[in-house]
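The next block holds one structure in the form of structure tokens; read it before the comments.
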Amino acid sequence: MTTKDSSGDVRLSGISKTYGSFTAVHPLDLTVPQGSFFALLGASGCGKTTTLRMIAGLEEPTSGTVFLGDQDVTALPPYKRPVNTVFQSYALFPHLDIFENVAFGLRRRGVKSVKKQVEEMLDLVQLGEQARKKPHQLSGGQQQRVAVARALINHPKVLLLDEPLGALDLKLRRQMQLELKRIQTEVGITFVHVTHDQEEAMTMADTVAVMNAGRVEQLGAPDELYENPRTTFVANFLGTSNLIEAEVDTKAGDDIVLKAGGGKLTLPSERCSASTATGGKVLVGVRPEKISLVHADDAGEIPDGRNRITGTIADASFIGVSTQYVIDSPICPELAVYVQNVERDGRLTPGADVVLHWSPAHTFGLDAAQDIDAGTEEEAA
Amino acid sequence: MSTLTEAPPPLAPAPEKKPPRRRGRLTPYWLLLPGILWLLIFFALPMIYQASTSVQTGSLEEGYEVTWHFATYWNALSEYWPQFLRSVLYAGSATVLCLLLGYPLAYLIAFRAGRWRNLIMILVIAPFFTSFLIRTLAWKTILADGSPVVGALNTLHILDVTSWLGITAGDRVLATPLAVVCGLTYNFLPFMILPLYTSLERIDGRLHEAAGDLYAKPWTTFRKVTFPLSMPGVVSGTLLTFIPAAGDYVNADLLGSTDTRMIGNVIQSQFLRILDYPTAAALSFILMFAILIMVTLYIRKSGTEDLV
């Protein structure tokens, strides 16, 4: 990404797609820089695949323009775009063997001697031995690699991946995530990856765009999205968040002090995406693993300057590396807290009175006008 | 149907994990029994009977006797080879025409028809609700001398071309090879369209997208992906058209003349009018073997075994 070459940039400008009265993608502006690994993340039906298909040319945008580098490709049919796709469930040609599947794109562009290139590409994806087999003779993971090889051999400016790992089992999926990341680093091509798996998006991509209901909710590096979500959807869809309803009380320097129940919580103002007028409602968010848990008897040991909430343990589940607690507090029911199992306090059992505390720097503030449950599993179900 | 009363005993619910009992192992064969009996009585026995007839000599008055007179085959072939050749030619032309007409239609139904799909399918099958004979007689009216269709063909000078090719005679269409091939094409077209449609419809639409994505223009996508994948349909469609068309005699009878007699007509008249049973049986066997050989060669050549 150090080069200034921008021929592999993907630029979407005001692009949208409607089917009858249903809007799959609202007008969207997006730039994917050359050489980056970009993930479009969202639940099914959020418009991520439609966006990808518009880049590929398989779907015609209702409005807007698609640029590849400086070239406007909006009106170009797929076979004229320097873009290749790895399809969901691969779409390998069942009547051709692996070699011919991989050679397909080269042959269509009139490349005469394909043998060397195809063999090199099959070696890259470790399928040199399988060249003369038919797709149905390969396992899911192997078919997946053929699909990647078939697309990559054409040296596209952009490689589009539509849920490429969706059909694989968990272990293989983890392995292929690393594999794809390795290939991307090796070939340096822009990858645009569509997935509904937040872990997959965060593991692989440099930049993640979280989509919901045809709009990009937030775009950024995985850690930035996770640490500082700007909407309740992102906060709940990427991992788990505790969201506490609070009211702006005062501003103290760079911090905002909020009233929640009887207590006060502090939040750095640059981590708040909501209006901070006094009396305004804000959802205060904190990730479960950022919270420390002490028994109410030891409350005096908590350092000053930390946000604290009192409550009662409603449930505790031991899952090996950590213990997951559900805490009922007068301020907020069912707060989730993950505690690493380093030194376990035997008193922390259901029914015990506890104090939760965390650093204000790990707190984020969201606009309270949103649906507090957006993006949670309960909502999706 | 006394044969069917010997139906197998009702199938006991098979135990899943226990080692199969003897009776359980025999169940598939019991289930096969009605079909096998049916084939034995209505296919194998008549075949054997006809085979024996074909090597008999004698006359109606004195009765027939098996004398292993294989010369009947040679005589039948040397006398009726033009009709054999004509049958292959007409059936082959009709098959090619069916493929040319049927493929675009099947393609349309499979990929483009959308909500019209069922309606078009019904229209394809609708002619079957009328008798084969009636449909063919209708063509007799359509192609009759002085009918609007023939008039139009004449005005457009198409008949001049077809007459020059020798498939029509003057300003007549009826009683010419063209009429017979048209009749065959019409009558067997659905047998082409249905298998083609089935195999086209099975093709995953994403394969077309994948081909387009890999720089194949629409026509190349058709040549390299759609058509090869529809080969099972092409093969079964052409077989379902060619085999019955080669043995057909109704079309040649109603739409043709004595110059367009096909082997089916010869067999029919040998059996029912001339009453020369050995020759008729021999001709039937020659036709059967000829078709078998052609079909085997065809399937070998089209190499579809591993596609189906």
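State the number of residues belonging to the range A:73-99 that are over 14 Å from A:Lys157 (Cβ atoms) and part of a strand (DSSP E or B).
Initially, the range A:73-99 is screened for residues over 14 Å from A:Lys157 (Cβ atoms), giving A:74-75, A:77, A:79, A:86-99.
This time we only want the ones that are part of a strand (DSSP E or B), so: A:86-87, A:90.
Of the residues in the range A:73-99, 3 are over 14 Å from A:Lys157 (Cβ atoms) and part of a strand (DSSP E or B).
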State all residues of the range A:100-125 that are in contact with a Lys or Arg (Cβ under 7 Å, 6 or more places away or on another chain) and not in a helix (DSSP H, G or I); if no residue qualifies, say none. A:Val114, A:Val125
Condition broken by A:His136, with the remaining ones in (1) more than 25 Å from A:Gly47 (Cα to Cα); (2) part of a loop (DSSP other than H, G, I, E, B); (3) out of contact with any helix residue (DSSP H, G or I) (no Cβ under 8 Å at 6 or more places or on another chain) satisfied: (2)
Hey, B:Thr67 crowded, with 19+ Cβ neighbours inside 10 Å and either among the polar types (S, T, N, Q) or on the phi > 0 side of the Ramachandran plot (or both) or not: no
When every residue in the range A:48-66 that is over 18 Å from B:Ala211 (Cα atoms) and either under 19 Å from the mean Cα position of the chain (by Cα) or of a type outside the set (S, T, N, Q) (or both) is compared, the one farthest from the other protein chains (Cβ to nearest Cβ) is A:Gly64
Inspect the range B:206-215 for any residue being aromatic (Phe, Trp, Tyr), crowded, with 21+ Cβ neighbours inside 10 Å and touching a residue at least 40 places away in the same chain (Cβ under 8 Å) and give the result as yes or no. no
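Residue-wise test of (1) within 24 Å of A:Thr51 (Cβ to Cβ); (2) in the same structural domain as A:Asp304 (by TED's automatic domain parsing); (3) touching a residue at least 24 places away in the same chain (Cβ under 8 Å).
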| position | (1), (2), (3) |
| --- | --- |
| A:Val192 | yes, no, yes |
| A:Ala209 | yes, no, yes |
| A:Ala221 | yes, no, no |
| A:Val257 | no, yes, no |
| A:Cys272 | no, yes, yes |
Mind listing whichever residues of the range A:249-278 are hydrophobic (A, V, I, L, M, F, W, C), under 14 Å from A:Thr363 (Cβ atoms) and either in a loop (DSSP other than H, G, I, E, B) or touching a Gly at 6+ places or on another chain (Cβ under 9 Å) (or both)? A:Ile256, A:Leu258, A:Leu267, A:Cys272, A:Ala274
Tell me whether the range A:237-248 contains one or more residues that are within 26 Å of A:Gln340 (Cα to Cα), in contact (Cβ under 8 Å) with a residue 60 or more places away in the chain and assigned to a helix (DSSP H, G or I). yes
Looking at the range A:204-226, which of the residues that are more than 19 Å from A:Thr376 (Cβ to Cβ) and not aliphatic (A, V, I, L, M) is surrounded by the most Cβ atoms within 10 Å (Cβ to Cβ)? A:Gly214
Condition met for A:Val73 (surrounded by 16 or more Cβ atoms within 10 Å (Cβ to Cβ), of a type in the set (A, V, I, L, M) and more than 28 Å from A:Gly141 (Cα to Cα)): yes
Would you point out which residue out of A:Phe87, A:Phe99 is aromatic (Phe, Trp, Tyr), farther than 16 Å from A:Val192 by Cβ and assigned by TED's automatic domain parsing to the domain that holds A:Thr31? A:Phe99
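Restricting to the range A:123-144, count the residues that are over 11 Å from A:Asn101 (Cβ atoms) and of a type in the set (Lys, Arg). Walk me through how you get there before you give the answer.
Initial filter on the range A:123-144 (over 11 Å from A:Asn101 (Cβ atoms)): A:123-126, A:128-129, A:132, A:136-137, A:139-142, A:144.
This time we only want the ones that are of a type in the set (Lys, Arg), so: A:132.
Here the count works out to 1.
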Give me the pairs, please: first residue somewhere in the range B:118-135 and within 17 Å of B:Met192 (Cα to Cα), second residue anywhere and at pLDDT 90 or above, beta-carbon distance under 6 Å, and either six or more positions apart or on two chains. B:Ile120/B:Ile109; B:Val124/B:Pro190; B:Val124/B:Ile193; B:Pro127/B:Arg135
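Yes/no per residue for (1) hydroxyl-bearing (Ser, Thr, Tyr); (2) surrounded by 19 or more Cβ atoms within 10 Å (Cβ to Cβ); (3) at positive phi; (4) within 14 Å of another protein chain (Cβ to nearest Cβ):
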{"position": "B:Asp204", "(1), (2), (3), (4)": "no, no, no, yes"}
{"position": "B:Lys217", "(1), (2), (3), (4)": "no, no, no, yes"}
{"position": "B:Thr220", "(1), (2), (3), (4)": "yes, no, no, yes"}
{"position": "B:Ser236", "(1), (2), (3), (4)": "yes, yes, no, no"}
{"position": "B:Thr241", "(1), (2), (3), (4)": "yes, yes, no, no"}
{"position": "B:Asn251", "(1), (2), (3), (4)": "no, yes, no, no"}
{"position": "B:Ile267", "(1), (2), (3), (4)": "no, yes, no, no"}
{"position": "B:Phe271", "(1), (2), (3), (4)": "no, no, no, no"}
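The values are calculated or read from the model by the stated rules, or taken from the named source; none is laboratory data. These figures come from a predicted structure and were not determined experimentally. Ideal geometry is used to build each Cβ from the backbone, glycine not excepted, and the neighbour counts take in all protein chains shown.
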